[in-house]
Structure formats: C-alpha cells, structure tokens
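Enquirer: Please find one structure pasted underneath; my questions will follow.
Values quoted throughout were computed directly from the atomic coordinates according to the rules given, and no laboratory measurement underlies them. Source: prediction; values computed, not measured.
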Amino acid sequence: VSDLEDINQKHENEPPQTIDITVRAIFSKYDNDKSGTIDVSELKSVMNDIGYELSDDEMKTSYAELDKDGSGKIDIEEFAAWWQLRTKEAFAPTKDDIIITIDATVRAV
C-alpha cells in the first residue's frame with residue numbers, strides 16, 4: 001500500500017473534497033505519534049522545516065492560534081485551514097505583480 005493510499009484509508013470517513021491530499025500528506029508526515037493531532041513539538045518541526053525558528057513563547061502563541069476549538073490539540077481540520085491560508089498568502093500576487101501585469105497587458109494592446 002502506498003503512502004497516499006494509506007493516508008486516504010485513514011481519512012476515508014471525511015468528505016473527500018474537504019481536505020486536499022497534499023495537506024493530508026503533510027499533516028501525516030508531522031503527526032509523528034500517529035495520534036491524529038499535532039502537538040507542540042510536532043508543530044515546532046513543521047515551523048522549523050518551513051523556515052521559522054520560533055521562541056518557546058512564540059510557539060505557544062502560534063499553537064494557541066491554530067487550536068481554534070481550544071481542545072489543546074491541532075487536528076487535521078485546524079491544520080488544513082492554517083496550511084491553506086499560509087499557502088494562499090505565499091502565492092498571492094503583490095501590488096507590484098499586479099502593476100507589472102497591467103503594464104504588460106497595456107503594452108501588448
């Protein structure tokens with residue numbers, strides 16, 4: 001069984017379009033104890049791998065922000081919401097990108 005098939009089987013009761021397979025794979029990679037949640041140390045690994053070295057206080061604050069339901073655990077839904085927002089922000093066009101695109105379009109006409 002491939003990793004992706006294994007991930008799909010673990011989440012087969014979830015609506016299929018709710019959480020992207022890529023986000024599930026990332027979540028599964030960092031859910032080291034396979035508890036179905038991300039704890040503080042696992043989140044720290046995520047943050048380190050994406051280039052954020054956070055202090056203990058920053059980590060506690062970040063964890064609390066991701067733990068939307070206040071359960072003390074970050075589940076797949078909470079992680080997916082954060083990851084998708086982070087990805088969307090990372091690829092959002094800047095003001096300069098928009099100006100360059102408009103300028104190029106005007107020149108082409």
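Enquirer: Output wanted: per-residue J couplings in Hz (rounded whole) for the range 78-87, from phi through Karplus 6.51 cos²θ - 1.76 cosθ + 1.60, θ = phi - 60°, x for Gly and Pro.
Expert: Rounded to whole hertz, the list is 5, 5, 4, 4, 5, 4, 5, 5, 4, 5.
Enquirer: Using θ = phi - 60° and the Karplus curve 6.51 cos²θ - 1.76 cosθ + 1.60, what whole-Hz ³J(HN,Hα) does each residue of the range 31-39 get, with Gly and Pro shown as x?
Expert: Those phi angles translate into 7, 4, 8, 6, 7, x, 9, 10, 9 Hz.
Enquirer: I need the phi-derived Karplus couplings for the range 61-68: 6.51 cos²θ - 1.76 cosθ + 1.60, θ = phi - 60°, integer Hz, Gly and Pro marked x.
Expert: Rounded to whole hertz, the list is 5, 4, 4, 5, 5, 6, 7, 4.
Enquirer: Could you tell me the relative contact order of the range 19-87? Use alpha-carbon pairs under 8 Å, at least six residues apart, and round to a whole percent.
Expert: Normalised by residue count, the contact order of the range 19-87 is 34 percent.
Enquirer: Check I74: other-chain or 5+ apart residues with amide H under 5 Å from its amide H, H built from backbone geometry?
Expert: I38
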